[in-house]
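*Asks:* Following this message is one structure expressed as structure tokens.
The values are calculated or read from the model by the stated rules, or taken from the named source; none is laboratory data. Please read all numbers here as calculations on a predicted model, not as lab measurements. Every residue, glycine as well, gets a Cβ built from its backbone with ideal geometry; the counts of neighbours run over all protein chains shown.
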Amino acid sequence: MKVGILTFHRAHNYGAVLQCYALQEILKRKGHTVQIIDYRQPWIEEFYKVFSISMFCDADGLSGKLAYLKKNLKKFLLAPMRNRHFNMFRLDFMDQSLPCGKGDIPQDYDCYVIGSDQLWSLHCLGGVLDEVYFGKFRHKSSSRIIGYAISADMNSVEAMEGELPLLIKGFDALSMREEEIADKVSDISGQNCEVCLDPTLLTDMDIWRPLIDDRWRKRKYVLMYEVRKRDRDLLRRKAEQAAAAIGDGCRVIDLSQMSYSVTDFVSLFRYASHVVTTSFHGCVFSILFERPFTMLPLWNGYDLRYRELLEALNASDRMISADEDIIPGKMDFTKMKASLAELRKSSFSYIDKWIGE
């Protein structure tokens with residue numbers, strides 16, 4: 001079967017491109033011909049430009065424009081290198097279609113898989129929903145439209161409440177990444193919405209091995225990763241505390257600025273002495289590579305995804321409060337990986353049923 005994936009593959013974000021790569025590889029293992037549909041989503045394209053003229057012009061007055069420049073100064077400096085890293089990864093590891101917009105999405109796929117990532121979160125799209133991520137585009141009448149582990153925040157789902165039953169009518173099957181969101185979508189629409197794992201959680205080492213650079217193996221470091229700037233100082237203090245406890249020249253490597261390549265991101269998780277993070281995918285890769293890790297929930301609305309995951313894996317003890325000390329050391333992942341193997345079954349069953357083996 002020829003399968004096209006629609007997701008945020010052009011976001012310059014580690015989690016976005018790696019969940020896309022993971023889903024591509026999982027479906028290829030199932031024997032499908034897989035392409036990432038190179039949909040150039042307008043807001044995503046504008047947001048990741050080195051300098052967005054439209055966003056600058058939309059800023060309110062001189063003070064707003066100055067605030068835009070000040071807020072994005074570091075982005076302007078890092079963007080060229082970051083863009084190069086992510087573009088190289090897409091060229092090297094993603095099988096992409098020709099670039100397209102909403103009106104010319106290729107129509108030769110037997111199945112369109114929409115997901116995963118926060119495709120229904122309005123704040124990821126400048127506050128405006130994109131009907132492409134609801135399957136609203138021209139395609140063969142025989143093509144399936146499958147939603148796989150789509151993510152959203154509750155505010156966005158509630159904002160779309162009146163439109164949602166009609167928006168999702170074209171899906172042959174629909175699944176969300178968060179149970180709380182799936183329940184809400186089901187209640188609003190009356191349509192069954194299942195829960196599936198983020199594609200990265202379906203993978204094994206063989207999928208990631210082509211991305212891993214073994215030059216990181218001999219280095220001793222604590223890895224910190226945070227995607228929200230306001231949490232970074234606290235996270236760094238915790239990472240430095242862990243590095244000091246490990247000793248023997250252990251240092252802190254910070255992935256938060258996204259100045260490392262995507263393959264370095266994967267490699268750094270593979271060989272970290274300890275991981276300190278508030279990121280869902282930071283949690284995921286620590287588990288996949290069995291690296292000791294500590295999560296620092298801040299109860300600010302952004303912790304739901306990894307809290308649900310750790311609860312499902314009976315590993316909530318990996319979360320500490322801001323006033324607790326990190327005590328690094330070896331971790332036994334046996335029970336966690338056994339629980340993850342059980343969780344995977346329903347996601348693979350969903351893929352096999354609706355996309356095919």
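*Asks:* Taking the residues in region 218-235 that are under 22 Å from the mean Cα position of the chain (by Cα) and not aliphatic (A, V, I, L, M) as candidates, determine which candidate is surrounded by the most Cβ atoms within 10 Å (Cβ to Cβ).
*Replies:* Among residues in region 218-235 that are under 22 Å from the mean Cα position of the chain (by Cα) and not aliphatic (A, V, I, L, M), the one surrounded by the most Cβ atoms within 10 Å (Cβ to Cβ) is 225.
*Asks:* Given 179, 163, which one is surrounded by fewer than 19 Cβ atoms within 10 Å (Cβ to Cβ), touching a strand residue (DSSP E or B) at 6+ places or on another chain (Cβ under 6 Å) and either in the same structural domain as residue 116 (by TED's automatic domain parsing) or at positive phi (or both)?
*Replies:* Every option except 179 fails the conditions.
*Asks:* In region 242-320, which strands (runs of 3 or more DSSP E) lie fully inside it and hold 3 or more residues that are surrounded by fewer than 20 Cβ atoms within 10 Å (Cβ to Cβ)?
*Replies:* Fully inside region 242-320 and qualifying: 251-254.
*Asks:* While we're on this one: Specify the residue that is farthest from residue 125 (Cα to Cα); the eligible residues are those in region 12-33 that are among the small types (Gly, Ala, Ser) and buried (at least 20 other Cβ atoms within 10 Å of the Cβ).
*Replies:* 22
*Asks:* Give the residue that is nearest to residue 79 (Cα to Cα), with candidates limited to residues of region 24-46 that are of a type outside the set (A, V, I, L, M) and in a strand (DSSP E or B).
*Replies:* 39
*Asks:* Would you check if residue 356 is more than 28 Å from residue 89 (Cβ to Cβ), surrounded by fewer than 20 Cβ atoms within 10 Å (Cβ to Cβ) and out of contact with any Ser or Thr (no Cβ under 7 Å at 6 or more places or on another chain)?
*Replies:* It is false that residue 356 is more than 28 Å from residue 89 (Cβ to Cβ), surrounded by fewer than 20 Cβ atoms within 10 Å (Cβ to Cβ) and out of contact with any Ser or Thr (no Cβ under 7 Å at 6 or more places or on another chain).
*Asks:* If you don't mind, there's one more thing I want to ask. Checking residue 188 against (1) within 16 Å of residue 304 (Cβ to Cβ); (2) part of a helix (DSSP H, G or I); (3) aliphatic (A, V, I, L, M): exactly one of these is not met. Which one?
*Replies:* Status for residue 188: all satisfied but (1).
*Asks:* Consider only pairs whose beta carbons are under 8 Å apart and that are at least six residues apart or on different chains; among these, list those whose first residue lies in region 317-338 and is outside the structural domain of residue 239 (by TED's automatic domain parsing) and over 16 Å from residue 224 (Cα atoms) and whose second residue is surrounded by 11 or more Cβ atoms within 10 Å (Cβ to Cβ) and among the β-branched types (Val, Ile, Thr).
*Replies:* The qualifying pairs are 333/287; 336/287; 337/287.
*Asks:* Could I ask something else about it? Of the numbered conditions (1) part of a helix (DSSP H, G or I); (2) surrounded by 19 or more Cβ atoms within 10 Å (Cβ to Cβ); (3) in contact with a helix residue (DSSP H, G or I) (Cβ under 9 Å, 6 or more places away or on another chain), residue 174 satisfies every one except a single condition; which is it?
*Replies:* (1)
*Asks:* Now, a different point. If residue 338 satisfies all but one of (1) buried (at least 16 other Cβ atoms within 10 Å of the Cβ); (2) over 19 Å from residue 235 (Cα atoms), what's the number of the condition it fails?
*Replies:* Just one mismatch for residue 338, condition (1).
*Asks:* Something else: With the structure loaded, tell me whether residue 157 is surrounded by 13 or more Cβ atoms within 10 Å (Cβ to Cβ), within 19 Å of the chain's Cα centre (by Cα) and closer than 21 Å to residue 2 by Cβ or whether it fails that test.
*Replies:* For residue 157, the condition - surrounded by 13 or more Cβ atoms within 10 Å (Cβ to Cβ), within 19 Å of the chain's Cα centre (by Cα) and closer than 21 Å to residue 2 by Cβ - is not met.
*Asks:* Which residues, taken from region 300-335, are over 21 Å from residue 15 (Cα atoms) and hydrophobic (A, V, I, L, M, F, W, C)?
*Replies:* 315, 320, 322, 326, 327, 331, 333, listed by residue number.
*Asks:* Given (1) of a type outside the set (A, V, I, L, M); (2) assigned to a loop (DSSP other than H, G, I, E, B); (3) assigned by TED's automatic domain parsing to the domain that holds residue 259, identify the lone condition not met by residue 169.
*Replies:* Going through the list (1) of a type outside the set (A, V, I, L, M); (2) assigned to a loop (DSSP other than H, G, I, E, B); (3) assigned by TED's automatic domain parsing to the domain that holds residue 259, residue 169 breaks only (3).
*Asks:* Against the conditions (1) outside the structural domain of residue 23 (by TED's automatic domain parsing); (2) in contact with a Ser or Thr (Cβ under 8 Å, 6 or more places away or on another chain); (3) exposed (fewer than 15 other Cβ atoms within 10 Å of the Cβ), where does residue 192 fall short? Just the number, please.
*Replies:* (1)
*Asks:* Quick check on region 58-110: of everything there that is of a type in the set (Ser, Thr, Tyr) and modelled with pLDDT of 95 or more, which residue is nearest to the chain's Cα centre (by Cα)?
*Replies:* Ranking the candidates gives 97 first.
*Asks:* OK, next. Which of the residues belonging to region 89-119 are in contact with a Ser or Thr (Cβ under 9 Å, 6 or more places away or on another chain), in a helix (DSSP H, G or I) and crowded, with 17+ Cβ neighbours inside 10 Å?
*Replies:* Residues satisfying the conditions are 89, 93.
*Asks:* Checking the structure you have, find out if any residue of region 208-218 is of a type in the set (Val, Ile, Thr) and either assigned to a loop (DSSP other than H, G, I, E, B) or touching a Gly at 6+ places or on another chain (Cβ under 6 Å) (or both).
*Replies:* Yes, some residue in region 208-218 is of a type in the set (Val, Ile, Thr) and either assigned to a loop (DSSP other than H, G, I, E, B) or touching a Gly at 6+ places or on another chain (Cβ under 6 Å) (or both).
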